[in-house]
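As structure tokens, the structure follows; a few thoughts come after it.
The values are calculated or read from the model by the stated rules, or taken from the named source; none is laboratory data. The model shown is predicted, which means the values in this text are computed figures rather than measured ones. Using ideal geometry, Cβ is built from the backbone for each residue, glycine included, and neighbour counts are taken over all protein chains shown.
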Amino acid sequence: MPSPAHLISKVGDPMFAAVIGLSAAATRINREEKELGRSSQQTVDAGLRRIGFPRQSDHPELKKN
């Protein structure tokens with residue numbers, strides 16, 4: 001019996017692989033940051049700042065009234 005061409009579907013396989021890869025990268029980054037003594041929230045904040053998404057706590061003028 002031949003093996004199936006796709007595990008999930010032609011579209012689903014690449015999306016599944018991307019999710020697994022991003023999850024693995026996030027886990028590794030979080031683990032390395034914890035070894036340096038940073039909290040998960042500090043890691044998320046630094047990552048968001050790096051890609052250009054400032055947190056509201058970083059900029060008081062962005063807070064909603």
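Would you tally the residues in the stretch 30-56 being outside any helix (DSSP H, G or I) and either at pLDDT 85 or above or out of contact with any Asp or Glu (no Cβ under 8 Å at 6 or more places or on another chain) (or both)?
We begin by selecting, within the stretch 30-56, every residue outside any helix (DSSP H, G or I); these are 36-39, 52-55.
Narrowing further to those that are either at pLDDT 85 or above or out of contact with any Asp or Glu (no Cβ under 8 Å at 6 or more places or on another chain) (or both): 36-39, 52-54.
So the count comes out to 7.
List pairs: first in the stretch 39-50 and basic (Lys, Arg), second in a helix (DSSP H, G or I), Cβ under 9 Å, 6+ apart or cross-chain?
Taking only residues 6 or more apart or on different chains, the pairs are 49/58.
Of 5, 25, 17, which residue is over 30 Å from residue 54 (Cβ atoms) and assigned to a helix (DSSP H, G or I)? Reasoning before the result, please.
Numbers: 5 fails: assigned to a helix (DSSP H, G or I); 25 fails: over 30 Å from residue 54 (Cβ atoms).
Checking each option against the conditions leaves just 17.
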